[in-house]
Amino acid sequence: MISREEAVQLLEENVKAENMQKHCYASEAVMRAIADRLGRNEDEWGIAGLLHDIDVEVTNADPKTHGPYAEKLLKGKVTDEVIDAIVMHNEMATGKERTNEFQHALAAGETITGLITATTLVYPDKKIASVKPKSITKRMKQKAFAASVKRENIMECEKIGIPLNEFAALSLDAMKKIDATLGL
């Protein structure tokens, strides 16, 4: 398993868009928090969050290839479990449904970062420190708000035993800890 520093270097070599890098850092923070909550390996889960979109630019985010292409970039660098979770975070590419805790956690964790970021950006000060968990759960119900955020992916938090209210708070707190990195 590569170190976090090596993973960051790999991310920055493959993902040039600043906002996409920020999304990956947010996903890492959320995945570490989920791992801590569930008693799983924080480094492994964090690396999965950090590298889940490693192939997004080379695949042009094509739903048919995004995810599976990452396996080519990561084979031999991370565990098979990390690769599996990354491949399955985009279930459209595989035609299979997510079946295990790690897969559900990554799908939910990386997706909620978009909803949290969008919520932050509608606040007058645009600061994540101002956002409350209740705002996140309220926005979940507003289908037109951040319409591209797949609410059903976020709801997979319940498949790993974390109720939505708790998941929103856990994810928001994780992202608040890296607000300078996120520019929020």
Pick out, in residue order, every one of the GluC sites (Glu not before Pro) in the range 68-152 that is DSSP loop and has at most 13 other C-beta atoms within 10 Å; say none if there are none. Glu97
Given Cα pairs under 8 Å that are at least 6 residues apart, what percent is the relative contact order of the chain? 23
Using alpha carbon coordinates only, what is the Rg to Rh ratio of the range 11-55, with Rh defined as the Kirkwood radius? 1.03
Mind listing which trypsin sites (Lys or Arg not before Pro) in the range 84-131 are in a DSSP loop and have 13 or fewer other Cβ atoms within 10 Å? Lys96, Lys126, Lys127
Options [x] 1.01; [y] 1.34; [z] 0.95 - which one matches Cα Rg over 2.2 N^0.38 Å as calculated here: [z]
Principal axis dimensions, the range 117-184 - Cα atoms, whole angstrom, descending: 32, 26, 18
Acute angle (nearest 10 degrees) that the helix 4-14 long axis makes with the longest principal axis of the chain, alpha-carbon atoms: 90
Which residue, chosen from Cys157, Gly76, Gly95, occupies the Cα position most advanced towards the positive end of the dipole of the chain, where the dipole is computed from +1 (Lys, Arg) and -1 (Asp, Glu) charges on Cβ about the Cα centre? Cys157
Looking at the chain as a GNM with Cα springs under 10 Å, which of Met140, Met31, Met92 has the largest mean-square fluctuation? Met92
Name the residue, out of Asp43, Asp53, Asp62, whose mean-square fluctuation peaks in a Gaussian network model built on the chain with Cα pairs under 10 Å. Asp62
Per residue solvent-accessible surface (Å²) - the chain, probe of 1.4 Å: 47
Magnitude of the Cβ-charge dipole of the range 84-142, K/R +1 and D/E -1, about the Cα centre, nearest 20 debye? 520
Carbon/sulfur accessible area of the range 61-160, % of total, 1.4 Å probe, equals 56
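The values are calculated or read from the model by the stated rules, or taken from the named source; none is laboratory data. Remember, it's a predicted structure, so these values are computed and weren't measured experimentally. Every residue, glycine among them, receives a Cβ derived from its backbone with ideal geometry; neighbour counts consider all protein chains shown. Areas reflect the complete protein model, heavy atoms only, side chains present, ligands, DNA and RNA absent. Shrake-Rupley method; radii C 1.70, N 1.55, O 1.52, S 1.80 Å.
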